[in-house]
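The values are calculated or read from the model by the stated rules, or taken from the named source; none is laboratory data. If you're wondering where the values come from, they're calculated on a predicted model, not measured in any experiment. Please note: Cβ atoms are built from the backbone with ideal geometry, for glycine as well, and neighbour counts cover all protein chains shown.
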Amino acid sequence: MVGLLVATVLVTLSASPQTGPGPASPTPTVEVAAPGDYQLLRLKDGTSATGRVEAADERRFTFRTLTNTVLDVEMGEVLSVTPLNGRVVNGEFWPADSNPTRLFFAPTGRSLEKGEASFGVYQLLMPFVQYGVTDRLSIGGGAPLMIGAGDLPVWFTPKFRVANSRSADLSIGVLHVVNMGDDSVGIAYAVATRGTTDAAFTGGAGYAYSSGDPDRAGAPVVMVGGEKRISRRLKFVTENYWFSGAGLVSGGVRFLGERLSADIAMVTPLGYAESGFIAFPMVNFVWKMH
(Lines give C-alpha, C1' and ligand atoms only; values in the text may rest on other atoms or scores of the structure.)
Protein backbone atom coordinates (compact mmCIF):
# COMPACT_ATOMS: atom_id res chain seq x y z
CA MET A 1 0.00 0.00 0.00
CA VAL A 2 2.81 2.40 0.92
CA GLY A 3 4.52 1.75 -2.41
CA LEU A 4 1.26 2.39 -4.28
CA LEU A 5 0.69 5.64 -2.37
CA VAL A 6 4.21 6.90 -3.11
CA ALA A 7 3.83 6.06 -6.80
CA THR A 8 0.51 7.90 -6.95
CA VAL A 9 2.02 11.02 -5.36
CA LEU A 10 4.99 10.98 -7.75
CA VAL A 11 2.71 10.67 -10.80
CA THR A 12 0.51 13.51 -9.55
CA LEU A 13 3.48 15.83 -8.95
CA SER A 14 4.99 15.07 -12.35
CA ALA A 15 1.67 15.88 -14.07
CA SER A 16 1.20 19.21 -12.21
CA PRO A 17 1.52 22.35 -14.35
CA GLN A 18 4.82 24.16 -14.12
CA THR A 19 4.80 27.55 -12.46
CA GLY A 20 7.69 28.94 -14.46
CA PRO A 21 7.26 31.27 -17.43
CA GLY A 22 5.65 29.74 -20.49
CA PRO A 23 6.88 30.06 -24.03
CA ALA A 24 6.89 33.59 -25.39
CA SER A 25 4.21 34.55 -27.89
CA PRO A 26 5.54 34.42 -31.45
CA THR A 27 6.30 37.76 -33.01
CA PRO A 28 3.86 38.48 -35.87
CA THR A 29 5.21 38.95 -39.37
CA VAL A 30 5.48 42.60 -40.35
CA GLU A 31 6.02 43.41 -44.02
CA VAL A 32 6.41 46.76 -45.77
CA ALA A 33 3.22 47.49 -47.74
CA ALA A 34 3.38 47.66 -51.51
CA PRO A 35 2.46 51.01 -53.12
CA GLY A 36 -1.30 51.52 -52.95
CA ASP A 37 -1.84 48.76 -50.36
CA TYR A 38 -3.15 49.29 -46.84
CA GLN A 39 -2.91 47.35 -43.58
CA LEU A 40 -4.70 47.14 -40.24
CA LEU A 41 -2.37 47.44 -37.24
CA ARG A 42 -3.55 45.96 -33.92
CA LEU A 43 -1.51 46.44 -30.74
CA LYS A 44 -1.58 44.35 -27.58
CA ASP A 45 -3.01 47.28 -25.58
CA GLY A 46 -6.21 47.11 -27.70
CA THR A 47 -5.58 50.08 -29.99
CA SER A 48 -5.68 49.80 -33.77
CA ALA A 49 -4.93 51.96 -36.79
CA THR A 50 -5.36 51.79 -40.57
CA GLY A 51 -2.45 52.74 -42.79
CA ARG A 52 0.72 51.11 -44.09
CA VAL A 53 4.11 49.90 -42.87
CA GLU A 54 6.80 52.06 -44.48
CA ALA A 55 10.00 50.58 -43.03
CA ALA A 56 10.85 47.69 -40.72
CA ASP A 57 13.77 45.87 -39.13
CA GLU A 58 14.03 43.04 -36.62
CA ARG A 59 13.02 45.18 -33.61
CA ARG A 60 10.96 48.16 -34.82
CA PHE A 61 8.96 49.52 -37.73
CA THR A 62 7.30 52.76 -38.82
CA PHE A 63 3.59 52.85 -39.59
CA ARG A 64 1.94 55.79 -41.39
CA THR A 65 -1.79 56.18 -40.62
CA LEU A 66 -4.45 57.59 -42.96
CA THR A 67 -4.08 60.96 -41.18
CA ASN A 68 -0.32 60.94 -42.01
CA THR A 69 0.65 60.31 -38.39
CA VAL A 70 3.88 58.29 -38.28
CA LEU A 71 4.07 55.70 -35.49
CA ASP A 72 7.34 54.17 -34.28
CA VAL A 73 6.32 50.70 -33.09
CA GLU A 74 8.28 48.00 -31.28
CA MET A 75 7.72 44.47 -32.51
CA GLY A 76 6.86 43.31 -29.01
CA GLU A 77 3.86 45.65 -28.89
CA VAL A 78 2.22 44.19 -32.01
CA LEU A 79 -0.72 41.80 -31.98
CA SER A 80 -1.14 41.64 -35.78
CA VAL A 81 -0.60 43.50 -39.04
CA THR A 82 -3.28 42.43 -41.54
CA PRO A 83 -3.51 43.34 -45.26
CA LEU A 84 -6.72 45.16 -46.22
CA ASN A 85 -8.64 44.98 -49.48
CA GLY A 86 -10.14 48.33 -50.43
CA ARG A 87 -9.29 51.94 -51.14
CA VAL A 88 -9.10 55.34 -49.45
CA VAL A 89 -11.78 57.93 -50.25
CA ASN A 90 -11.42 61.44 -48.79
CA GLY A 91 -9.16 60.15 -46.04
CA GLU A 92 -11.48 57.26 -45.12
CA PHE A 93 -10.77 53.60 -45.85
CA TRP A 94 -13.55 51.87 -47.82
CA PRO A 95 -13.30 48.07 -47.55
CA ALA A 96 -13.98 46.13 -50.74
CA ASP A 97 -17.31 44.36 -51.17
CA SER A 98 -16.95 40.95 -49.50
CA ASN A 99 -19.56 39.50 -51.92
CA PRO A 100 -18.28 40.50 -55.39
CA THR A 101 -19.16 37.24 -57.16
CA ARG A 102 -22.94 37.85 -57.15
CA LEU A 103 -25.49 40.56 -57.66
CA PHE A 104 -28.68 39.65 -55.76
CA PHE A 105 -29.04 36.15 -57.16
CA ALA A 106 -27.21 36.06 -60.48
CA PRO A 107 -23.46 35.43 -60.61
CA THR A 108 -21.07 38.09 -61.84
CA GLY A 109 -18.09 37.35 -64.06
CA ARG A 110 -15.81 37.41 -61.01
CA SER A 111 -14.66 34.25 -59.26
CA LEU A 112 -13.79 33.17 -55.74
CA GLU A 113 -10.08 32.73 -55.17
CA LYS A 114 -8.62 29.36 -54.19
CA GLY A 115 -9.62 28.45 -50.63
CA GLU A 116 -12.29 31.15 -50.31
CA ALA A 117 -15.85 30.18 -49.42
CA SER A 118 -19.14 32.04 -49.25
CA PHE A 119 -22.15 30.97 -47.21
CA GLY A 120 -25.48 32.68 -47.82
CA VAL A 121 -29.23 32.57 -47.53
CA TYR A 122 -31.63 33.78 -50.24
CA GLN A 123 -34.98 35.05 -49.01
CA LEU A 124 -34.20 33.67 -45.53
CA LEU A 125 -35.23 30.15 -46.68
CA MET A 126 -32.70 29.07 -49.32
CA PRO A 127 -29.17 28.53 -47.97
CA PHE A 128 -26.23 27.96 -50.31
CA VAL A 129 -22.47 27.51 -50.20
CA GLN A 130 -19.80 28.16 -52.85
CA TYR A 131 -16.13 27.15 -52.56
CA GLY A 132 -13.12 28.17 -54.63
CA VAL A 133 -11.35 24.99 -55.73
CA THR A 134 -8.85 27.04 -57.74
CA ASP A 135 -8.59 30.73 -58.63
CA ARG A 136 -10.84 29.98 -61.61
CA LEU A 137 -13.05 27.05 -60.63
CA SER A 138 -15.67 27.11 -57.86
CA ILE A 139 -18.36 24.62 -56.91
CA GLY A 140 -21.40 24.94 -54.70
CA GLY A 141 -25.01 24.13 -54.05
CA GLY A 142 -27.96 24.47 -51.73
CA ALA A 143 -31.46 23.41 -50.78
CA PRO A 144 -34.52 25.20 -49.32
CA LEU A 145 -35.30 25.12 -45.59
CA MET A 146 -38.74 23.48 -45.74
CA ILE A 147 -38.95 20.65 -43.22
CA GLY A 148 -41.63 18.05 -43.95
CA ALA A 149 -42.39 19.39 -47.44
CA GLY A 150 -41.71 16.08 -49.24
CA ASP A 151 -39.28 15.96 -52.14
CA LEU A 152 -37.25 19.16 -52.05
CA PRO A 153 -35.15 20.59 -54.86
CA VAL A 154 -31.38 20.59 -54.55
CA TRP A 155 -29.27 22.83 -56.77
CA PHE A 156 -25.63 22.68 -57.88
CA THR A 157 -23.65 25.68 -59.11
CA PRO A 158 -20.30 24.91 -60.76
CA LYS A 159 -18.64 27.99 -62.25
CA PHE A 160 -15.42 28.53 -64.24
CA ARG A 161 -13.70 31.88 -64.92
CA VAL A 162 -12.58 31.78 -68.54
CA ALA A 163 -10.71 35.09 -68.67
CA ASN A 164 -9.93 38.06 -66.46
CA SER A 165 -8.05 41.35 -66.49
CA ARG A 166 -7.78 44.35 -64.17
CA SER A 167 -11.22 45.63 -65.21
CA ALA A 168 -13.10 42.68 -66.75
CA ASP A 169 -14.00 39.07 -65.95
CA LEU A 170 -15.73 36.39 -68.03
CA SER A 171 -17.16 33.16 -66.58
CA ILE A 172 -19.32 30.24 -67.62
CA GLY A 173 -21.41 28.03 -65.36
CA VAL A 174 -24.53 26.02 -64.69
CA LEU A 175 -27.39 26.30 -62.22
CA HIS A 176 -28.75 22.73 -62.15
CA VAL A 177 -31.76 21.80 -60.00
CA VAL A 178 -32.74 18.19 -59.25
CA ASN A 179 -35.47 16.44 -57.23
CA MET A 180 -38.27 18.48 -58.80
CA GLY A 181 -40.53 15.40 -58.76
CA ASP A 182 -39.29 13.44 -61.78
CA ASP A 183 -37.99 16.61 -63.43
CA SER A 184 -34.68 18.46 -63.42
CA VAL A 185 -34.24 21.99 -64.66
CA GLY A 186 -31.44 24.46 -64.99
CA ILE A 187 -29.67 27.24 -66.84
CA ALA A 188 -26.30 27.04 -68.61
CA TYR A 189 -24.88 30.56 -68.87
CA ALA A 190 -22.01 32.86 -69.74
CA VAL A 191 -21.59 36.12 -67.81
CA ALA A 192 -19.18 39.05 -68.06
CA THR A 193 -18.48 41.90 -65.64
CA ARG A 194 -16.62 45.10 -66.49
CA GLY A 195 -15.51 47.62 -63.88
CA THR A 196 -14.52 47.50 -60.22
CA THR A 197 -16.39 46.30 -57.15
CA ASP A 198 -17.33 49.96 -56.58
CA ALA A 199 -18.88 50.50 -60.03
CA ALA A 200 -19.46 47.80 -62.64
CA PHE A 201 -21.80 46.53 -65.36
CA THR A 202 -22.67 42.83 -65.66
CA GLY A 203 -24.33 41.12 -68.62
CA GLY A 204 -25.14 37.48 -69.14
CA ALA A 205 -26.96 35.11 -71.47
CA GLY A 206 -28.04 31.53 -70.97
CA TYR A 207 -30.27 28.66 -72.03
CA ALA A 208 -32.90 27.24 -69.73
CA TYR A 209 -33.56 23.52 -69.98
CA SER A 210 -36.02 21.04 -68.51
CA SER A 211 -35.89 17.25 -68.65
CA GLY A 212 -39.67 17.08 -68.22
CA ASP A 213 -40.47 19.56 -70.99
CA PRO A 214 -38.19 19.01 -74.01
CA ASP A 215 -40.08 21.67 -75.98
CA ARG A 216 -38.65 24.31 -73.62
CA ALA A 217 -35.08 23.07 -73.87
CA GLY A 218 -32.84 25.89 -75.04
CA ALA A 219 -35.20 28.72 -74.03
CA PRO A 220 -33.00 31.86 -73.95
CA VAL A 221 -32.52 33.98 -70.84
CA VAL A 222 -30.84 37.40 -70.83
CA MET A 223 -29.63 39.19 -67.69
CA VAL A 224 -28.28 42.73 -67.25
CA GLY A 225 -27.23 44.24 -63.95
CA GLY A 226 -24.98 46.71 -62.26
CA GLU A 227 -23.53 47.93 -58.99
CA LYS A 228 -22.54 51.37 -57.73
CA ARG A 229 -20.90 52.22 -54.41
CA ILE A 230 -22.82 54.95 -52.57
CA SER A 231 -20.85 55.20 -49.33
CA ARG A 232 -18.38 53.29 -47.19
CA ARG A 233 -21.01 50.75 -46.11
CA LEU A 234 -23.65 51.00 -48.85
CA LYS A 235 -23.92 49.96 -52.50
CA PHE A 236 -26.76 50.19 -55.03
CA VAL A 237 -27.40 46.95 -56.97
CA THR A 238 -29.77 46.14 -59.83
CA GLU A 239 -30.45 42.77 -61.51
CA ASN A 240 -32.88 42.32 -64.42
CA TYR A 241 -34.03 39.40 -66.62
CA TRP A 242 -35.84 38.86 -69.92
CA PHE A 243 -37.10 35.41 -70.95
CA SER A 244 -39.94 34.08 -73.16
CA GLY A 245 -41.76 37.40 -73.45
CA ALA A 246 -41.61 38.13 -69.72
CA GLY A 247 -39.05 39.40 -67.26
CA LEU A 248 -38.04 40.60 -63.82
CA VAL A 249 -36.74 44.00 -62.73
CA SER A 250 -35.08 44.50 -59.35
CA GLY A 251 -33.21 47.20 -57.50
CA GLY A 252 -32.01 47.74 -53.95
CA VAL A 253 -29.04 48.21 -51.68
CA ARG A 254 -26.27 46.10 -50.21
CA PHE A 255 -25.00 46.77 -46.70
CA LEU A 256 -21.27 46.06 -46.58
CA GLY A 257 -19.49 44.54 -43.60
CA GLU A 258 -15.97 43.18 -43.29
CA ARG A 259 -17.16 39.66 -44.16
CA LEU A 260 -20.95 39.84 -43.93
CA SER A 261 -23.12 41.56 -46.54
CA ALA A 262 -26.90 42.01 -46.54
CA ASP A 263 -29.11 42.77 -49.55
CA ILE A 264 -32.54 44.42 -49.41
CA ALA A 265 -34.34 44.92 -52.73
CA MET A 266 -37.71 45.06 -54.48
CA VAL A 267 -38.54 42.78 -57.42
CA THR A 268 -41.21 43.47 -60.08
CA PRO A 269 -42.36 40.91 -62.70
CA LEU A 270 -42.86 42.16 -66.27
CA GLY A 271 -45.10 40.80 -69.01
CA TYR A 272 -47.92 39.62 -66.77
CA ALA A 273 -50.54 42.25 -67.58
CA GLU A 274 -53.44 40.24 -66.19
CA SER A 275 -51.83 40.35 -62.75
CA GLY A 276 -51.41 44.13 -62.67
CA PHE A 277 -48.42 45.72 -60.93
CA ILE A 278 -46.77 43.43 -58.38
CA ALA A 279 -43.66 44.04 -56.31
CA PHE A 280 -42.20 41.84 -53.60
CA PRO A 281 -39.20 42.22 -51.31
CA MET A 282 -35.97 40.25 -51.49
CA VAL A 283 -33.61 39.79 -48.52
CA ASN A 284 -30.26 37.99 -48.77
CA PHE A 285 -27.29 37.48 -46.44
CA VAL A 286 -23.80 36.29 -47.45
CA TRP A 287 -20.81 35.48 -45.23
CA LYS A 288 -17.35 35.34 -46.83
CA MET A 289 -14.58 33.13 -45.43
CA HIS A 290 -10.91 33.24 -46.43
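Is the range 143-151 home to any residue that is touching a strand residue (DSSP E or B) at 6+ places or on another chain (Cβ under 7 Å) and in a strand (DSSP E or B)? No; the residues of the range 143-151 include none that is touching a strand residue (DSSP E or B) at 6+ places or on another chain (Cβ under 7 Å) and in a strand (DSSP E or B). Of the conditions (1) in a helix (DSSP H, G or I); (2) at pLDDT 95 or above, E274 fails just one. Which one is it? Only one criterion in (1) in a helix (DSSP H, G or I); (2) at pLDDT 95 or above is unmet by E274, namely (2). Only one entry in D45, D37 is at pLDDT 50 or above and either more than 29 Å from S80 (Cβ to Cβ) or surrounded by 13 or more Cβ atoms within 10 Å (Cβ to Cβ) (or both), namely D37.
Within the range 161-182, can you find the residues that are more than 19 Å from Y209 (Cα to Cα) and at pLDDT 90 or above?
First, pick out the residues of the range 161-182 that are more than 19 Å from Y209 (Cα to Cα): 161-171.
Passing the criteria: R161, V162, A163, N164, S165, S167, A168, D169, L170, S171.
Among the residues of the range 91-106, none qualifies, meaning not one is buried (at least 16 other Cβ atoms within 10 Å of the Cβ), in the same structural domain as G203 (by TED's automatic domain parsing) and either touching an Asp or Glu at 6+ places or on another chain (Cβ under 7 Å) or within 23 Å of G195 (Cα to Cα) (or both).
Just one of the numbered conditions (1) under 13 Å from the mean Cα position of the chain (by Cα); (2) of a type in the set (V, I, T); (3) outside the structural domain of G225 (by TED's automatic domain parsing) is not true of T67: (1). Taken together, G218, G247 contain a single residue that is surrounded by fewer than 14 Cβ atoms within 10 Å (Cβ to Cβ) and at pLDDT below 95, which is G218.
Please specify each residue of the range 33-70 satisfying the condition of being within 18 Å of E258 (Cβ to Cβ), of a type in the set (D, E, K, R) and not in a loop (DSSP other than H, G, I, E, B). Within the range 33-70, just R42 meets the criteria. Candidates in the range 254-271 are the residues that are closer than 25 Å to D135 by Cα and part of a loop (DSSP other than H, G, I, E, B); of these, the one that is modelled with the lowest pLDDT is E258. Contact map, the range 279-290: first residue charged (D, E, K, R), second residue surrounded by 11 or more Cβ atoms within 10 Å (Cβ to Cβ), Cβ cut-off under 8 Å, separation 6 or more or different chains; pairs are K288/S98; K288/N99; K288/E116; K288/A117; K288/S118; K288/R259; K288/L260; K288/S261.
Just give me the residues in the range 216-245 being farther than 16 Å from A262 by Cβ and among the small types (G, A, S), in sequence order. If you could, list the steps in order and put the result at the bottom.
Taking the range 216-245 first, the residues farther than 16 Å from A262 by Cβ are 216-226, 228, 238, 240-245.
A217, G218, A219, G225, G226, S244, G245, listed by residue number.
Each row is one residue, and each column tells you yes or no for (1) within 18 Å of A262 (Cβ to Cβ); (2) touching a residue at least 40 places away in the same chain (Cβ under 8 Å); (3) surrounded by 15 or more Cβ atoms within 10 Å (Cβ to Cβ).
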site	(1), (2), (3)
D72	no, no, no
L84	no, yes, yes
R87	no, yes, yes
G109	no, yes, yes
M126	yes, no, yes
